[in-house]
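For reference, the structure discussed in these notes is given below.
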Amino acid sequence: MNALRVGIVGATGAVGETLLRVLEERRVPLSNLAAFGSRHRDAAVRYGGTMLDVRSTTGEALADRDVVFFAGGESLGEAFFTDLAARGIYCIDNNPTFRLRDDMPLIVPEINAETLEARHRILPVGNCTAIILALALAPIRDVAGLRDVVVSTYQAASGAGRAGLEELDKGQRALALGEREDPAVVFPAPLARNVVPQVGAIDADGWSGEERKVAAETQKMLGLPELAISATCVRVPVRTAHAESVVVRTERPTTVAKLQAAFEGAPGLRFHREGIVTPRDVEGSDDVHVARLRADGSEGTRFALWCTGDQLRKGAATNAVQILELLIARGYLG
Ligand SMILES: NC(=O)c1ccc[n+]([C@@H]2O[C@H](COP(=O)([O-])OP(=O)(O)OC[C@H]3O[C@@H](n4cnc5c(N)ncnc54)[C@H](OP(=O)(O)O)[C@@H]3O)[C@@H](O)[C@H]2O)c1
């Protein structure tokens, strides 16, 4: 394989910065890496020991890339992506735009790598909360089938990007110093010393955008379009890593012991038989961590668990880089 020319659009953002780090850590064979944003800046992001310029994002500037990661730039519009794809450029896209399109896969390599086909050029990366949930549900699906899922989330501020982190930091600082807080802009209510039960806009039926994404995208990742998933998405004053409290009903009876064995053998998962695991424990980890597995009732068809994962890594950058690794492993990149 020829060494790759890779671009990152949104390299200055929370996901883009993590992409730079993950590409370096995993030693992906790149001949050339170029960083892009909404405008030009000299020596603005670091890759390895080198500072890279951030270039303004245009179709022309991306034309010589083999692969482009998108971590922002949704406002560029669909045609921008389809034009690049028509030129044969692989677009690994963290934006929500294409995730539910029937003609595009929603790849979580540990769960559904077989959905990648040679013809695909636009490869959406799923919603971070849904990726974490799908990884925690896949072993249960394989052991006993899934009938329905109820999930409540505890989502970190960095899920709303750099601006979300800054708003949390400023609010916490103001409260600690006894100063007046700025009004909330990124979040629908102040996040410091609070929890906010709304992530995304609320629709006419009362569901938030994030809740809709979690349900629809998890169904697609698991290949279970009829699976009933009821999500309540909540923002909490944590910097990084989402957590989720999950209750599932299975199709067939099973046992905690069988599920424990399945979790322990599942790729991309770390199962904790004892104790708890918190978002701070998993910052920087590429795995989804599952703990507190327990049977709910005696029929063997209801179980509760806790899961948490670094949403900037496995929920975004790591999953995106794993998709590139899959393209390389399949020999699709020349
Ligand atoms: N944060 C998460 O946990 C997470 C997880 C999964 C998926 N995502 C998705 O990943 C994407 C990036 O999220 P983020 O949290 O990293 O956001 P962020 O911290 O706000 O960063 C946004 C990035 O997009 C760039 N950008 C904005 N408009 C652009 C344009 N017109 N052309 C080119 N670049 C543009 C910004 O560049 P400038 O610095 O030049 O403005 C910045 O680098 C979003 O679609 C988000 O939904 C985020």
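The values are calculated or read from the model by the stated rules, or taken from the named source; none is laboratory data. Quantities reported herein were computed from a predicted structural model and do not represent experimental measurements. Neighbour counts run over all protein chains shown; Cβ positions are idealised from the backbone, glycine included.
Residue check: is residue 266 within 16 Å of the ligand (Cβ to nearest atom), hydrophobic (A, V, I, L, M, F, W, C) and under 22 Å from the mean Cα position of the chain (by Cα)? In short, no.
Taking each residue of segment 74-87 that is in contact (Cβ under 8 Å) with a residue 40 or more places away in the chain and looking for partners that are charged (D, E, K, R) with beta-carbon atoms closer than 7 Å, six or more apart or interchain, yields 81/93.
Outside the structural domain of residue 242 (by TED's automatic domain parsing) and of a type in the set (Val, Ile, Thr) - does that describe any residue in segment 143-156? No, there is no match, as no residue in segment 143-156 is outside the structural domain of residue 242 (by TED's automatic domain parsing) and of a type in the set (Val, Ile, Thr). Is it fair to say residue 257 is assigned by TED's automatic domain parsing to the domain that holds residue 243 and more than 25 Å from residue 156 (Cβ to Cβ)? So residue 257 passes the test. In the set (1) surrounded by 14 or more Cβ atoms within 10 Å (Cβ to Cβ); (2) away from the ligand (no atom under 16 Å from the Cβ); (3) not acidic (Asp, Glu), the condition left unmet by residue 228 is number (1).
Restrict the check to segment 135-158 and report whether at least one residue is over 30 Å from residue 90 (Cβ atoms), outside any loop (DSSP other than H, G, I, E, B), polar (S, T, N, Q) and within 16 Å of the ligand (Cβ to nearest atom). There is at least one residue in segment 135-158 that is over 30 Å from residue 90 (Cβ atoms), outside any loop (DSSP other than H, G, I, E, B), polar (S, T, N, Q) and within 16 Å of the ligand (Cβ to nearest atom). Residue 185 meets each of the listed conditions (1) within 14 Å of the ligand (Cβ to nearest atom); (2) surrounded by fewer than 15 Cβ atoms within 10 Å (Cβ to Cβ); (3) closer than 29 Å to residue 290 by Cβ apart from (3). Looking at 178, 223, 209, just one residue is at pLDDT 95 or above, under 24 Å from residue 246 (Cβ atoms), surrounded by fewer than 19 Cβ atoms within 10 Å (Cβ to Cβ) and more than 16 Å from the ligand (Cβ to nearest atom), and that residue is 223.
Is there a residue being in contact with a Leu (Cβ under 8 Å, 6 or more places away or on another chain) and either modelled with pLDDT under 95 or hydroxyl-bearing (Ser, Thr, Tyr) (or both) anywhere in segment 248-259? Looking through segment 248-259, at least one residue is in contact with a Leu (Cβ under 8 Å, 6 or more places away or on another chain) and either modelled with pLDDT under 95 or hydroxyl-bearing (Ser, Thr, Tyr) (or both).
Okay, residues lined up against (1) of a type in the set (Phe, Trp, Tyr); (2) over 25 Å from residue 319 (Cβ atoms); (3) loosely packed, with under 15 Cβ neighbours inside 10 Å; (4) outside the structural domain of residue 324 (by TED's automatic domain parsing):
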| position | (1), (2), (3), (4) |
| --- | --- |
| 17 | no, no, no, no |
| 25 | no, no, yes, no |
| 33 | no, no, no, no |
| 38 | no, no, no, no |
| 43 | no, yes, yes, no |
| 47 | yes, no, no, no |
| 56 | no, yes, yes, no |
| 64 | no, yes, yes, no |
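Scanning segment 20-73 for residues that are among the β-branched types (Val, Ile, Thr) and under 21 Å from the mean Cα position of the chain (by Cα) turns up 22, 28, 67, 68. Could you tell me whether residue 216 is within 16 Å of the ligand (Cβ to nearest atom) and either surrounded by fewer than 18 Cβ atoms within 10 Å (Cβ to Cβ) or outside the structural domain of residue 98 (by TED's automatic domain parsing) (or both)? Against the criterion (within 16 Å of the ligand (Cβ to nearest atom) and either surrounded by fewer than 18 Cβ atoms within 10 Å (Cβ to Cβ) or outside the structural domain of residue 98 (by TED's automatic domain parsing) (or both)), residue 216 qualifies. Quick check: anything in segment 88-106 hydrophobic (A, V, I, L, M, F, W, C), surrounded by fewer than 22 Cβ atoms within 10 Å (Cβ to Cβ), within 13 Å of the ligand (Cβ to nearest atom) and modelled with pLDDT of 95 or more? Yes, segment 88-106 has at least one match.
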